[in-house]
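Taking it in order: structure first as structure tokens, then the write-up.
The values are calculated or read from the model by the stated rules, or taken from the named source; none is laboratory data. Computed from a predicted structure; not experimentally measured. Neighbour counts run over all protein chains shown; Cβ positions are idealised from the backbone, glycine included.
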Amino acid sequence: MTVTYEVISSETLGSAQSSVTIGSGGTIPQTYTDLVLVYAPLGSTNTVTHSMRVNGDTASNYSLTGMRGDGSSGTSYRASNATSWTMYPNDYDNTTVPNVITVNFQNYTNTTSYKNILWRAGLSASGYGVSAQVGLWRKTPEGITSITLTSTGNFAIGSTFSLYGIKAE
Amino acid sequence: MLNNISGFLGVGGGIIGDYESIATVTVGSATPYIDFSTIPQTYKHLQIRMNVQMASTADMNMRIGTGGTLDTGSNYYYHALYGSGSGSATSLNSGGQVNFGAYLGYFNSGSSSFAGVVTDILDYTNTNKYKTVRTLEGNDSNGSGFVFLSSSLWSNTGAINTLRVYSKDSINIAANSHFALYGIKG
């Protein structure tokens with residue numbers, strides 16, 4: 001048996017930043033089977049949200065299907081031909097309570113099929129909720145070598161971002 | 001077509017850790033199911049991470065076994081919550097105990113898009129209680145798709161050592177689908 005869940009990178013923001021790139025310059029190792037991104041963003045205000053791109057791709061290659069519950073109702077939503085994945089379109093980042101988000105990038109190195117990502121998010125504060133989403137990236141298949149998260153304002157000090165690699169034998 | 005594809009169970013070696021690769025299957029040509037057998041009993045939990053395409057739209061299920069025998073009896077029950085891209089999120093359940101296994105989600109077919117699936121099988125060796133399986137699954141095809149959260153019960157106290165992932169709708173799993181079984185220490 002092989003130890004297979006390893007930290008690739010981990011960062012806690014010491015200053016506010018409008019974006020965070022993991023694997024800047026395309027340096028995410030291509031030696032794992034899946035990636036798992038665990039992060040807990042804080043917003044510069046309670047009215048900012050954030051989005052994700054991979055490999056710096058700004059074309060309309062992103063889509064998602066999601067659902068959300070806020071304690072009183074559950075809704076589903078979709079985005080097609082988007083230029084990024086909005087991480088939870090019906091919620092905002094919060095200045096004091098981090099959303100806890102886990103994103104799975106399945107078979108992220110394969111060059112034969114579009115990539116899907118699968119994520120869960122939850123923030124337990126008044127007016128917020130829990131969500132699950134699946135995303136598709138339709139760029140001509142290539143390995144994912146960088147991940148960029150961009151806030152509509154800033155990610156606040158104390159936001160954390162950790163990327164793990166999982167390797168199947 | 002018994003054991004047409006079985007996960008290779010790694011043997012020894014490597015560094016001992018808390019999350020370990022047990023077996024991996026990459027589907028070479030369309031197949032009705034994949035099996036993981038002779039699963040080690042040395043972990044606390046199991047996780048299967050999948051990247052799956054089906055030959056056509058279908059449910060995906062998982063039968064569970066103990067003592068090397070898959071349970072085909074009406075010993076499974078599930079609840080699920082899903083979103084289809086608009087309107088309300090929808091809740092469903094098996095409507096009673098069923099014989100086709102745990103519920104992993106509903107899969108679109110697509111020429112280039114695969115579904116992501118992460119399934120956890122909790123406390124799988126405990127012989128004092130029934131077993132719970134939970135799954136996050138999603139497939140998006142740029143304008144269609146689903147995302148599912150599901151929880152399934154296997155009302156059997158046997159230690160799990162065999163798993164079969166398949167579709168109760170008799171739809172094949174497409175080539176290049178990937179299944180990886182991991183063990184988590186506790």
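List the number of the failed condition for A:Gly143; all other conditions in (1) at pLDDT 95 or above; (2) buried (at least 19 other Cβ atoms within 10 Å of the Cβ); (3) not charged (D, E, K, R) hold. Just one mismatch for A:Gly143, condition (2). Taking every residue in the range B:73-89 that is within 13 Å of chain A (Cβ to nearest Cβ) and touching a residue at least 40 places away in the same chain (Cβ under 8 Å) and pairing it with any residue that is of a type in the set (S, T, N, Q) and part of a loop (DSSP other than H, G, I, E, B), at least 6 positions away or on another chain, the pairs with Cβ-Cβ distances below 8 Å are B:Gly85/B:Ser144. Take the conditions (1) of a type outside the set (A, V, I, L, M, F, W, C); (2) surrounded by fewer than 19 Cβ atoms within 10 Å (Cβ to Cβ); (3) modelled with pLDDT of 95 or more; B:Gly95 misses just one of them, which is (3).
Residues that are under 14 Å from A:Val103 (Cβ atoms) and away from every other protein chain (no Cβ under 14 Å) within the range A:147-169 comprise A:Ile147, A:Thr148, A:Leu149, A:Thr160, A:Phe161, A:Ser162, A:Leu163, listed in sequence order.
State which residue is nearest to the other protein chains (Cβ to nearest Cβ) when the search covers only the range B:17-44 and only residues that are assigned to a strand (DSSP E or B) and small (Gly, Ala, Ser).
Only one residue fits best here, namely B:Ser21.
I'd like to check something: does the range B:103-115 contain any residue that is within 21 Å of B:Ser170 (Cα to Cα), more than 14 Å from every other protein chain (Cβ to nearest Cβ), out of contact with any Cys (no Cβ under 7 Å at 6 or more places or on another chain) and crowded, with 20+ Cβ neighbours inside 10 Å? Checked the range B:103-115: at least one residue is within 21 Å of B:Ser170 (Cα to Cα), more than 14 Å from every other protein chain (Cβ to nearest Cβ), out of contact with any Cys (no Cβ under 7 Å at 6 or more places or on another chain) and crowded, with 20+ Cβ neighbours inside 10 Å. In the range B:63-77, how many are assigned to a strand (DSSP E or B), under 19 Å from B:Arg134 (Cα atoms) and more than 14 Å from the chain's Cα centre (by Cα)? Number of matching residues: 2. The residue pairs whose first member lies in the range A:95-109 and is under 23 Å from A:Ile166 (Cβ atoms) and free of Cβ contacts under 8 Å to residues at least 60 places away in the same chain, whose second member is aliphatic (A, V, I, L, M) and part of a loop (DSSP other than H, G, I, E, B), and whose beta carbons are closer than 9 Å, counting only pairs six or more residues apart or on different chains, are A:Asn99/A:Leu42; A:Asn99/A:Met87; A:Asn99/A:Leu123.
Here A:Thr75, A:Thr31, A:Thr47, A:Thr65 are screened, and the one residue that is over 16 Å from the mean Cα position of the chain (by Cα) and at the interface with another protein chain (Cβ under 9 Å from one of its Cβ atoms) is A:Thr75.
Looking only at residues in the range A:103-130 that are more than 9 Å from chain B (Cβ to nearest Cβ) and in a strand (DSSP E or B), the one that is modelled with the highest pLDDT is A:Val103.
Taking the conditions (1) surrounded by fewer than 16 Cβ atoms within 10 Å (Cβ to Cβ); (2) free of Cβ contacts under 8 Å to residues at least 40 places away in the same chain; (3) touching a strand residue (DSSP E or B) at 6+ places or on another chain (Cβ under 6 Å); (4) not aliphatic (A, V, I, L, M) in turn, A:Ser80 satisfies each one other than (1).
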